[in-house]
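Please read the structure below before turning to the comments.
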Amino acid sequence: MSNFTFNKTSIEGVYVIDVKSYGDNRGYFMETYKKTDFDEAGLCYDFVQDNQSSSRKGVLRGLHFQKTHPQAKLVRVLSGEVFDVAVDLRKGSATYGKWEGVLLSGENKKQFMIPRGFAHGFVVVSDYAEFAYKCDEVYHPEDEGGIIWNDPGVGIKWPEVGEIILSDKDTKNPTLAECGIEFQESAIHSL
């Protein structure tokens, strides 16, 4: 029996994953990833890098992607709460330029599966949050790309968090129309 429930979203390939947690008076235990269960659900990824960050309320990281080395990401929150977003950048996709978002928290233990060919970002809605994710491609700093978080053409409905705090780099991201990124099928499926 799987400890994961794989919930499809409105965008093909993007899933919200409910994770079973086993708790008692000592705390809890849960599996956060099991390759056989993910493969059985059709989410066949070979993760090669894990990342973790901490941020305070209002910090918005994104919307990021790698131009020639796209990454699939399995994201979750260890503590606190974030609103996490994926924007479809796949050429020819019926949902190109559309977004999907989910509230992830240490309490709800949900995960968000984002395939290759997407921009990704999140905003912290709690006072503090610890965020962790797996990638199926290593980070290439020279290959970074991004789109601006408040692109009116994408129209993400971010939650109200007060002041938005961005890195200098993220304040300079172009709109989706300006960057014109469209991931080709070969880049999405190659390793």
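Values quoted throughout were computed directly from the atomic coordinates according to the rules given, and no laboratory measurement underlies them. Fair warning: this is a prediction, and the values are worked out from it, not measured in the lab. Virtual Cβ from ideal backbone geometry, glycine too; neighbours counted across all protein chains shown.
Listed by chain and number, the lysines placed with their C-alpha closer than 26 angstrom to that of Lys91 are Lys8, Lys67, Lys73, Lys134, Lys157, Lys169, Lys172; residues fewer than eight positions away on the same chain are left out.
Pairwise alpha-carbon distances in the chain exceed 24 Å for 36% of all pairs.
Positive end of the dipole of the chain (Cβ unit charges, origin at the Cα centre): among Thr32, Tyr45, Ile114, the Cα lying farthest that way belongs to Thr32. Summarising the strand pairing of the chain, around 95 percent of its internal DSSP beta bridges are antiparallel. Across region 24-41, computed HN-Hα scalar couplings (Karplus, 6.51 cos²θ - 1.76 cosθ + 1.60, θ = phi - 60°) run 8, 5, 8, x, 8, 9, 7, 7, 9, 7, 9, 3, 4, 5, 5, 4, 4, 7 Hz from first to last residue, x flagging Gly and Pro.
Rounded to the nearest 20 debye, the dipole size of region 1-116 about its Cα centre is 420 debye, using +1 on the Cβ of Lys and Arg and -1 on the Cβ of Asp and Glu.
Among residues other than Val102 with Cβ under 10 Å from its Cβ, the summed charge is -1 (Lys and Arg +1, Asp and Glu -1). Toward the positive end of the charge dipole of the chain, with +1 on the Cβ of Lys and Arg and -1 on the Cβ of Asp and Glu, the farthest Cα among Val85, Phe183, Leu104 is that of Leu104.
Modelled this way, with points 7 Å down the Cα-to-C-beta line, the labels at Glu182 and Glu144 are 2.7 nm from one another. In a DSSP loop and with at most 14 other Cβ atoms within 10 Å, the GluC sites (Glu not before Pro) in region 5-95 are Glu12, Glu31.
Put simply, region 30-141 fits an ellipsoid with semi-axes of 21, 18, 13 Å; these come from the alpha carbon gyration tensor as the roots of five times its eigenvalues, largest first.
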